[in-house]
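Engineer: Next up is a structure, given as structure tokens.
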Amino acid sequence: MFTIDQIAAAHSKVKSGADFPNYIKEIKQLGVTHYETFASDSRAIFYGATDFKAGMPAKFSSIPISEDCNVNQF
């Protein structure tokens, strides 16, 4: 399975949006099936086969996100 260090190495190659497809290909080759990134603090969880998962720690302090949305203001 993959490690967070491998994911970070692949991510370090992303310099612009044009690099993103190659990043996705590379992490898929490592065995990542899908991932979640959390807007509140930028942490991420990467999933692989047989319920494998590895987490990347938060990059920022948690930012509260409102449960309500003001559609007109948005």
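The values are calculated or read from the model by the stated rules, or taken from the named source; none is laboratory data. Nothing here was measured: the structure is a model prediction, and the numbers come from that model. All Cβ positions, even for glycine, are placed from backbone atoms using ideal geometry, and neighbour counts span all protein chains on display. The accessibility values were calculated without ligands, DNA or RNA, using every heavy atom of the protein model including side chains. Shrake-Rupley method; radii C 1.70, N 1.55, O 1.52, S 1.80 Å.
Engineer: If each of Ala58 and Met1 carries a label point 7 Å out from its Cα toward its Cβ, how far apart are those two points in nm?
Structural biologist: The two pseudo-label positions are separated by 2.4 nm.
Engineer: How much area per residue is accessible in the chain when the probe is 1.4 Å and only protein heavy atoms are counted (Å²)? Working shown, then result.
Structural biologist: Details: 5710 Å² over 74 residues.
About 77 Å² of surface per residue is accessible.
Engineer: Can you give me the solvent accessible area of Lys13 with a 1.4 Å probe, rounded to the nearest 10 Å²?
Structural biologist: 120
Engineer: Pull up the cross-link candidates among the aspartates and glutamates for Lys59, meaning alpha carbon to alpha carbon under 18 Å and not fewer than 8 places away within one chain.
Structural biologist: Within the straight-line limit of under 18 Å, Lys59 reaches these aspartates and glutamates: Asp5, Glu36, Asp41.
Engineer: Quick one: what are the phi-derived ³J(HN,Hα) couplings along the range 24-34, Karplus 6.51/-1.76/1.60 with θ = phi - 60°, whole Hz, x for glycine and proline?
Structural biologist: 4, 4, 5, 6, 5, 5, 6, x, 6, 9, 6
Engineer: Share of the chain's accessible area from carbon and sulfur, percent, 1.4 Å?
Structural biologist: On the way: 3170 of 5710 Å².
It is 55 percent, rounded to a whole number.
Engineer: With the contact rule set at Cα under 8 Å and sequence spacing of 6 or more, what percent relative contact order holds for the chain? Could you put the intermediate results ahead of the total?
Structural biologist: On the way: 77 pairs, mean separation 17.4, N = 74.
Contact order relative to length: 24 percent.
Engineer: What order do Tyr35, Tyr47 take when sorted by accessible area (1.4 Å probe), most exposed first?
Structural biologist: On the way: Tyr35 85, Tyr47 45 Å².
Reading off the accessible areas and sorting them downward yields Tyr35, Tyr47.
Engineer: Provide the solvent-accessible area of Val71, counting protein heavy atoms only and rolling a 1.4 Å probe, rounded to the nearest 10 Å².
Structural biologist: Taking all protein chains as shown, Val71 has close to 110 Å².
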